[in-house]
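Asker: There's a structure below that I have some questions on.
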Amino acid sequence: MGNRLSKIATRTGDDGSTGLGDGSRVGKDSLRIQALGDVDELNSQLGLLLCETLPDTLREELVSIQHDLFDLGGELCIPGYTVLAEAHLARLDALLEKYNATLPPLKEFILPGGSRTAALAHVCRTVCRRAERSVVLLEKAESGVNAPARQYLNRLSDLCFVLARVLNREAGGQDVLWEKERER
């Protein structure tokens, strides 16, 4: 990367535009920048989750996912550029299978919460769903969006849900069940 990030405050965005990786400029309110920002926020939320005490294996898996999300940001920053591929999806599918196998079947909806780590995983899940919606909107408006990018976010949000359940058990708790008949 050399000196690419040697100057952070360039003032070139003072007019409400920002530069893409291909040198073009777009409005900061463009769908591409919205999707890029949502993926960045997701990566930051995963970083917050990683500040907690986690099993070492899960920590390494989440760090790998953070790198994937950074790569996804690169895809979104350079129209037509692709990094994420079927192998990335297969890795998430394997993690989903691995962690879901340790959980009892769901018989009720669950509420976000339980342990702090589980609650943070639920926040990651909801931010991931927003990022997915942003990528879908971008895909409808512009050509050159890589389908595995959208699929990756879909799988990752499912994984965050599963991990929230796993993390509640790691903390000695269980899912917080929605109670249909609960008196309000």
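The values are calculated or read from the model by the stated rules, or taken from the named source; none is laboratory data. All of these numbers come straight from a predicted model, not from anything done at the bench. Neighbour counts are summed over all protein chains in view; Cβ atoms, including those assigned to glycine, are modelled from backbone coordinates with ideal geometry. Note: areas computed on protein heavy atoms with side chains; ligands, DNA, RNA excluded. Shrake-Rupley method; radii C 1.70, N 1.55, O 1.52, S 1.80 Å.
Asker: Largest first, what is the accessible-area ranking of H67, H88 with a 1.4 Å probe?
Answerer: On the way: H67 115, H88 40 Å².
Largest accessible area first, the residues go H67, H88.
Asker: Using only helices, what value at 222 nm comes out for the chain when you add -39,500 (n - 2.57) per DSSP H run of length 4 or more and divide by the total residues, to the nearest 500 deg cm²/dmol?
Answerer: -20000 deg cm²/dmol
Asker: Let me ask something additional. Based on DSSP loop calls and a cut-off of at most 15 other Cβ atoms within 10 Å, the longest stretch of the chain free of exposed chymotrypsin sites (Phe, Trp or Tyr not before Pro) is what?
Answerer: That would be 1-80.
Asker: How much area per residue is accessible in the chain when the probe is 1.4 Å and only protein heavy atoms are counted (Å²)?
Answerer: In whole numbers, the chain has 58 Å² accessible per residue.
Asker: What is the dipole size for the chain, taken about its Cα centre, with +1 at each Lys and Arg Cβ and -1 at each Asp and Glu Cβ, in debye to the nearest 20?
Answerer: In total the dipole reaches around 260 debye.
Asker: Please list the non-local residues whose amide H lies under 5 Å from the amide H of S17, H modeled 1.01 Å from N, same-chain partners needing a gap of 5 or more.
Answerer: K28
Asker: Are there GluC sites (Glu not before Pro) in the stretch 108-184 that DSSP marks as loop and that have at most 11 other Cβ atoms within 10 Å, and which are they?
Answerer: Passing sites in the stretch 108-184 are E108, E179, E181, E183.
Asker: Which three numbers, in whole Å and largest first, are the semi-axes of the equivalent ellipsoid of the stretch 73-184 derived from its Cα gyration tensor as √(5λ)? Don't skip to the answer; put the middle values down first.
Answerer: Values: eigenvalues 193, 53, 25 Å².
Listed largest to smallest, the semi-axes of the stretch 73-184 are 31, 16, 11 Å.
Asker: Once amide H atoms are built 1.01 Å from N in the peptide plane, which residues 5 or more positions from I110, or in another chain, come under 5 Å H to H?
Answerer: The list, which skips near neighbours in sequence, is W178.
Asker: Return the sequence-ordered ³J(HN,Hα) values of the stretch 42-49 in whole Hz as given by the Karplus equation 6.51 cos²θ - 1.76 cosθ + 1.60 applied to θ = phi - 60°, using x for Gly and Pro.
Answerer: Couplings: 4, 4, 5, 5, 5, x, 5, 4 Hz.
Asker: If you don't mind, there's one more thing I want to ask. I'd like the carbon and sulfur percentage of the solvent accessible area for the chain, probe radius 1.4 Å, heavy atoms only, ligands and nucleic acids excluded.
Answerer: 52
Asker: In terms of solvent-accessible area of protein heavy atoms at a 1.4 angstrom probe, what is the ranking of R169, R11, highest value first?
Answerer: R11, R169
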